[in-house]
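These notes are about the structure you will find just below.
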Amino acid sequence: MSKDVGADIPAAEAPAKRAPLNKYALACAILASMNSILLGYDVSVMSGAQIFMKKDLKINDTQIELLAGIINIFSLVGSLAAGRTSDWIGRRYTMVLAAVIFFAGALIMGLAPGYAVLMVGRFVAGVGVGYALMIAPVYTAEVAPTSARGLLTSFPEVFINTGVLLGYISNYAFHSLPVHISWRAMFLAGAVPPVFLAVGVLAMPESPRWLVMQGRIGDARRVLQKTSDSPEEAVERLADIMGAMGIPEGIAEDSDEVIAIVRKNKRNHGEGVLRDLLLRPTPPVRRILIACLGLQFFQQASGIDSVVLYSPHVFEKAGIKSDANSIGSSISVGATKTLFILVATFFLDRVGRRPLLLTSAGAMVVSLVTLASALHVISGRAAPADGATALSGVAIASVLAFVASFSIGMGPIAWVYSSEIFPLRLRAQGCALGTAMNRIMSGAITMSFYSLSNKITLAGSFYLYASIAAAGWVFMFCFLPETRGRSLENTEVLFGGGDGVGKEDGHEHTKSTELTTQ
């Protein structure tokens with residue numbers, strides 16, 4: 001598809017005068033997104049824990065590689081199940097379930113007597129990670145007012161980065177303990193956040209879109225009144241959601257007629273969604289699915305989890321030799337990744353998704369090529385007595401530039417964009433498929449890093465990641481239209497669907513209809 005996709009449709013623009021940020025919607029987004037801390041923590045804590053696990057359990061690099069990356073494959077179970085679960089029991093209770101599962105996984109990992117039980121713990125934690133990773137952006141997008149949807153939907157990535165930083169800090173805090181205790185303490189510390197998250201989520205309202213899917217129009221109206229920028233927007237958002245569900249305007253709220261319509265459509269629990277996504281998609285749905293899967297593929301295939309997970313190894317090859325210095329340097333990776341996510345949150349609703357994505361991918365290519373070149377030169381030289389060189393500084397700076405570039409676009413916007421573009425009935429399970437692609441690629445990248453670097457060298461691995469990031473830039477330039485300023489029920493027109501005319505934020509736009517085979 002050319003880059004002119006949707007060019008005939010005027011791109012909606014943010015209002016000249018921005019509405020004050022809705023504090024209730026902000027609180028909901030923060031609580032929902034805090035589930036994402038669990039993923040970031042688990043990825044980064046493994047980077048330091050593996051040093052001590054190898055010494056304590058006497059396991060080799062291949063076993064560590066498998067243990068580190070397999071959680072992403074295990075998370076497929078959670079991410080695929082989360083779509084149907086969230087359609088069945090609701091977005092809120094799905095988040096509670098994610099926290100409970102991760103809590104159990106952290107306990108099993110921290111108390112594991114050996115490698116086999118540790119792998120069981122990784123499976124349980126992986127299922128929880130899959131649930132959390134899929135549901136937080138979906139819930140936040142469905143609660144957020146249009147004017148702040150980009151900002152609020154980027155929060156899961158903010159908290160993933162916060163979790164990454166906390167994982168590195170945990171590595172450093174416990175690294176001086178006895179070897180058989182240090183890595184266990186790192187994992188057990190991860191059991192604390194889920195307890196508070198599960199309690200906090202219970203104080204949140206349910207997604208208004210899920211409520212409408214259950215025929216609970218009155219409850220949805222009350223949530224929208226609290227999370228919209230104005231009473232008029234609340235009315236318009238409710239009308240759009242009801243229209244997407246085939247519920248006519250003017251019908252009595254929570255009446256038997258509403259329940260009958262919902263049951264007749266068989267949409268309240270997500271029946272038939274995977275069929276309409278994978279087996280009989282309409283052309284617009286097919287384009288939406290390709291956009292989602294492609295974006296999630298390139299987000300992970302460009303190597304971010306290898307850098308986060310194996311940064312101590314990269315720093316060691318760059319000349320930072322001691323465990324303490326290597327783990328300490330990794331904290332700078334977490335801090336940089338967390339700091340630069342703020343750039344994305346600030347500009348998402350101001351400059352749009354496309355400019356940030358393209359800038360991010362371009363900067364990732366440059367930093368990866370620089371890192372690979374520095375490592376190539378370092379590997380061809382005799383190691384100096386002190387280990388570190390000027391090129392070591394270039395390598396470390398390139399790692400920091402890479403994670404910063406990732407955080408300003410590819411990191412948060414993959415989740416924002418994926419949660420925006422699917423029609424209501426397809427959203428939860430469509431996002432689940434995107435999350436599955438994300439986890440498959442993360443698992444493939446992290447489980448192949450040592451093997452790949454042994455085959456084509458460490459520098460060669462980063463040259464490969466750079467080429468993938470460059471291909472991602474081309475994909476995004478050619479295939480992804482801008483979604484800033486459009487309501488969730490309206491973004492699908494950019495992919496060729498919808499009819500009629502409506503308004504959003506004071507601008508004319510095409511009003512959406514359901515894009516599935518009826």
Requested in this report: Might you report the magnitude of the Cβ-based charge dipole of the chain about its Cα centre, with Lys and Arg at +1 and Asp and Glu at -1, to the nearest 20 debye?
Outcome: 920
Query raised in the report: Using the per-residue mean of other Cβ atoms lying within 10 Å as a proxy for protection, in what order, highest first, do the peptides 188-199, 96-107 fall?
Result: 96-107, 188-199
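What FRET efficiency comes out for residue 253 versus residue 390 if R0 is 56 angstrom and r is the Cβ-Cβ distance? Round to the nearest 0.05.
Working: r = 69 Å, r/R0 = 1.23.
Calculated transfer efficiency: 0.20.
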Report task. Give the accessible surface of the chain per residue, rounded to a whole number of Å², with probe radius 1.4 Å and ligands, DNA and RNA excluded. Result -> 36
Requested in this report: On a 0 to 90° scale, report how tilted helix 115-143 is relative to the longest principal axis of the chain, with both axes built from alpha carbons and the result rounded to the nearest 10.
Outcome: 40
Query - Cβ-based charge dipole, the chain, positive-most Cα from 423, 82, 320 - result: 320
Query raised in the report: How far apart, in nm, are the 7 Å Cα→Cβ label points at residue 54 and residue 100?
Result: 3.9
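How large a share of the accessible area of the range 98-236, in percent, is made up of carbon and sulfur atoms when the probe is 1.4 Å and the other protein chains stay in place?
On the range 98-236, the fraction of accessible area on carbon and sulfur atoms equals 75 percent.
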Query raised in the report: Considering only the other residues whose Cβ falls under 10 Å of the Cβ of residue 25, what net charge follows from Lys and Arg at +1 and Asp and Glu at -1?
Result: +2
Report summary line: Asserting the computed 222 nm helical MRE of the chain (DSSP H runs at least 4 long, -39500 (n - 2.57) per run, divided by residue count, to nearest 500) equals -24500 deg cm²/dmol
Report task. Can you send over the carbon and sulfur percentage of the accessible area for the range 299-458, probe radius 1.4 Å, protein chains only? Result -> 67
Query raised in the report: By how many degrees, 0 to 90 and rounded to 10, does the Cα axis of helix 256-265 deviate from the longest principal axis of the chain?
Result: 50
Requested in this report: Pull out the extension gain between residue 179 and residue 278, defined as 0.36 nm times the separation in residues minus the alpha carbon to alpha carbon distance; nm, one decimal.
Outcome: 30.8 nm
Query raised in the report: Around residue 495, what is the net charge, scoring Lys/Arg as +1 and Asp/Glu as -1 over all other residues with Cβ under 11 Å from its Cβ?
Result: +1
Report task. Starting with the highest mean, order 109-118, 304-313 by the number of other Cβ atoms within 10 Å, averaged over the residues of each peptide. Result -> 304-313, 109-118
**Report entry** Theoretical FRET efficiency, 1/(1+(r/R0)^6), r = Cβ-Cβ of residue 397 and residue 377, R0 25 Å, to 0.05
**Finding:** 0.95
Query raised in the report: Pulled fully out, how much extra length does the chain show between residue 222 and residue 24, if you take 0.36 nm times their separation in residues and subtract their Cα-Cα distance?
Result: 70.0 nm
Requested in this report: Go through 337/455; 58/337; 58/317; 55/337 and tell me which ones have a Cα-Cα distance over 26 Å in this structure.
Outcome: 337/455; 58/337; 55/337
Query raised in the report: Over the Cα atoms of the range 82-216, what is the Rg over Rh ratio if Rh follows Kirkwood?
Result: 1.05
Report task. At 0.36 nm per residue, minus the direct Cα-Cα distance, what do residue 290 and residue 192 gain on full extension? Give it in nm, one decimal, please. Result -> 31.5 nm
Report task. Would you mind checking the tilt of helix 37-57 against the longest principal axis of the Cα atoms of the chain, expressed as 0 to 90 degrees and rounded to 10? Result -> 20
Query raised in the report: When ranked by the protection proxy of mean other Cβ atoms within 10 Å per residue, highest first, what sequence do the peptides 131-144, 436-449 form?
Result: 131-144, 436-449
Query raised in the report: Can you run phi through the Karplus equation (6.51, -1.76, 1.60; θ = phi - 60°) for the range 211-221 and list ³J(HN,Hα) in whole Hz, with x for Gly and Pro?
Result: 4, 5, 4, 9, x, 8, 5, x, 5, 5, 4
Query raised in the report: Suppose R0 equals 35 Å; then what is the FRET efficiency for residue 230 and residue 366 from their Cβ-Cβ distance, rounded to the nearest 0.05?
Result: 0.20
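The values are calculated or read from the model by the stated rules, or taken from the named source; none is laboratory data. On a predicted model such as this, the values are computed, not experimentally measured, just so you know. Every residue, glycine as well, gets a Cβ built from its backbone with ideal geometry; the counts of neighbours run over all protein chains shown. With ligands, DNA and RNA removed, areas are computed over all heavy atoms of the protein, side chains included. Shrake-Rupley method; radii C 1.70, N 1.55, O 1.52, S 1.80 Å.
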